[in-house]
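The block underneath contains the structure these notes are about, expressed in structure tokens.
The values are calculated or read from the model by the stated rules, or taken from the named source; none is laboratory data. All values reported here derive from a predicted model rather than from experimental measurement. Heads up, the Cβs are rebuilt from the backbone with ideal geometry, glycines too, and the neighbour counts pull from every protein chain shown. SASA here: full protein model, heavy atoms, side chains in, ligands and nucleic acids out. Shrake-Rupley method; radii C 1.70, N 1.55, O 1.52, S 1.80 Å.
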Amino acid sequence: MKVIILGIIVLLGSGLHTLKAQTVKGILQDEEDKTPLNGATIKLLNIADSSIAYTTVSGKSGDFIFENVLPKSYVLSVTSIGYASIKMPLTVKDSTLDLAGISVPKSTKVLNSVSVTGTPPPVRQKLDTVEYSANSFKVNPDATAEDLIKKMPGVTVDKGTVTAHGETVKKVTVDGRDFFGDDATAALRNMPSEVIDKIQIFDKLSDQAAFTGFDDGSS
């Protein structure tokens, strides 16, 4: 019997472009001594929402190049440790855009101490397991585990049936132990979402395969 614990499918779409792509290149240098700026991060940002359209890193000679850039307006962003960030608008037309030398000033801001805080990504791929961070999905205080997984991309709940990878979820485990046997719906409806830290989605070997150590193709 095939047992699906949970699964996820991500579909990425792309548009068709009729404009001829172009090349954008330049050289980064220290503003003071004119030495090449190696290892700087250069990005072309979309003006509408500041999302990243293209990204690259400068070489040993401070040179960088973007190829196959669609003609339109962008914001060029340059960042490097120890240097001030630079943002400048540019327009890519129907020919190669050579920005030549770009001078980058050193950062003059001195910090006595630095505190770094971050939020873990909502979804992570760990080998063949997809892991969701429960705190990244907002639900009501009295929500159940079923309410929580409804928020997760790639997982659907229809009349109490959970599907992933196009297959019905047959089993739910808590810290590796079966919860409510093979009744996945009952397990999800009887567990409060507030006690959940992470949800993992994976295929599990059949009991016989797990016992013998031989993968018989059943999962």
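Details
- Number of the exception - Ser133 against (1) open to solvent by 80 Å² or more (accessible area, probe 1.4 Å); (2) of a type in the set (Ser, Thr, Tyr); (3) closer than 30 Å to Phe202 by Cα: (1)
- Exactly one residue out of Val104, Val130 is within 30 Å of Lys34 (Cα to Cα), among the β-branched types (Val, Ile, Thr) and modelled with pLDDT of 75 or more, and it is Val104.
- Scanning the stretch 34-59 for residues that are in contact with a strand residue (DSSP E or B) (Cβ under 7 Å, 6 or more places away or on another chain) and open to solvent by 80 Å² or more (accessible area, probe 1.4 Å) yields Ile47, Ile52, Thr55, Val57.
- Count of residues meeting criterion [open to solvent by less than 70 Å² (accessible area, probe 1.4 Å), polar (S, T, N, Q) and under 22 Å from Arg124 (Cβ atoms)] in the stretch 148-196: 3
- Pairing each residue of the stretch 143-168 that is closer than 18 Å to Lys198 by Cβ and at pLDDT 80 or above with any residue that is surrounded by fewer than 16 Cβ atoms within 10 Å (Cβ to Cβ) and polar (S, T, N, Q), provided the two are 6+ apart or on different chains, yields no C-beta distance under 6 Å.
- Every test in (1) open to solvent by 90 Å² or more (accessible area, probe 1.4 Å); (2) without any contact (Cβ under 8 Å) to a residue 12 or more places away in the chain is passed by Lys93 save one, and that test is (2).
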